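Asks: Sending over a structure as structure tokens; questions will come in a sec.
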Amino acid sequence: MDNDIIYMYICPKCGSFGIGFTKNKCDRCNTDVINTNINWDNYLNLSDEDQDKIESELYEKYVFNNPLYSETAFNRRIQLEAEEDAEYDREEEERKHIPHCPICGSANVHKISLGNKVGAAAIFNVFSIGHISKTFKCKNCGAKF
């Protein structure tokens, strides 16, 4: 069942590697990528140390000794990936501060207004405690939290 295996590809010019290249071209520099014959799933299951070792071996074998290799393209890719990682980290940090429904996980929530709470208290008295003690209501599943 060789067709079920997803192989890792590497760009000989900039050193980008992965599996999602469009038409076997590097997404960074549009150079033809090389199939490393390394099973992507197996690679992902390795320790960080073992992944680093494989990456070093791939760079030596397919990139640094290849006539297509460009130090400029390689360094530009490293810089772009660092910027993308930093942006991802910023977005991830921002997502931590967005309220999410504890029932369905949706961020599609709205704050229950003070007027809504006062109105409920005036109409339902002691029976509104479950409502007025909550801060948000989920627009997807209706949970109040």
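Asks: Going by the conditions given, is residue 45 at positive phi and without any contact (Cβ under 8 Å) to a residue 12 or more places away in the chain?
Replies: Taking the combined requirement at face value, the residue does not satisfy it.
Asks: With the requirement that a residue be β-branched (Val, Ile, Thr) and outside any loop (DSSP other than H, G, I, E, B), what does region 25-43 give you?
Replies: If the condition is that a residue be β-branched (Val, Ile, Thr) and outside any loop (DSSP other than H, G, I, E, B), then 34, 36, 38 are the ones that fit.
Asks: I've got another one for you. In this structure, does residue 88 turn out to be under 26 Å from residue 26 (Cα atoms), modelled with pLDDT of 95 or more and of a type in the set (Phe, Trp, Tyr)?
Replies: Against the criterion (under 26 Å from residue 26 (Cα atoms), modelled with pLDDT of 95 or more and of a type in the set (Phe, Trp, Tyr)), residue 88 does not qualify.
Asks: Return the residues of region 67-111 that are of a type in the set (Gly, Ala, Ser) and touching a residue at least 40 places away in the same chain (Cβ under 8 Å); say none if nothing qualifies.
Replies: Correct list: 70, 73.
Asks: Is there a residue being among the aliphatic types (A, V, I, L, M) and either surrounded by fewer than 12 Cβ atoms within 10 Å (Cβ to Cβ) or in contact with a Lys or Arg (Cβ under 6 Å, 6 or more places away or on another chain) (or both) anywhere in region 25-34?
Replies: No; the residues of region 25-34 include none that is among the aliphatic types (A, V, I, L, M) and either surrounded by fewer than 12 Cβ atoms within 10 Å (Cβ to Cβ) or in contact with a Lys or Arg (Cβ under 6 Å, 6 or more places away or on another chain) (or both).
Asks: Is it the case, given these coordinates, that residue 56 is modelled with pLDDT under 90 and surrounded by 10 or more Cβ atoms within 10 Å (Cβ to Cβ)?
Replies: Judged against the criteria, residue 56 is not a match.
Asks: Which number in (1) hydrophobic (A, V, I, L, M, F, W, C); (2) in the same structural domain as residue 135 (by TED's automatic domain parsing); (3) at pLDDT 95 or above marks the one condition that residue 64 misses?
Replies: All conditions are met except number (2).
Asks: When the residues of region 60-112 are narrowed to those that are among the acidic types (Asp, Glu) and over 30 Å from residue 143 (Cα atoms), which ends up surrounded by the most Cβ atoms within 10 Å (Cβ to Cβ)?
Replies: My answer is 81.
Asks: If you don't mind, another one. Please work out which residue is nearest to residue 60 (Cα to Cα), limiting yourself to region 9-24 and to residues that are part of a strand (DSSP E or B) and modelled with pLDDT of 95 or more.
Replies: Looking at the filtered set, the residue picked out is 10.
The values are calculated or read from the model by the stated rules, or taken from the named source; none is laboratory data. Being a predicted model, the structure only gives us computed values, none of them experimental. Backbone-built Cβ (ideal geometry, glycine too); neighbour counts: all protein chains shown.
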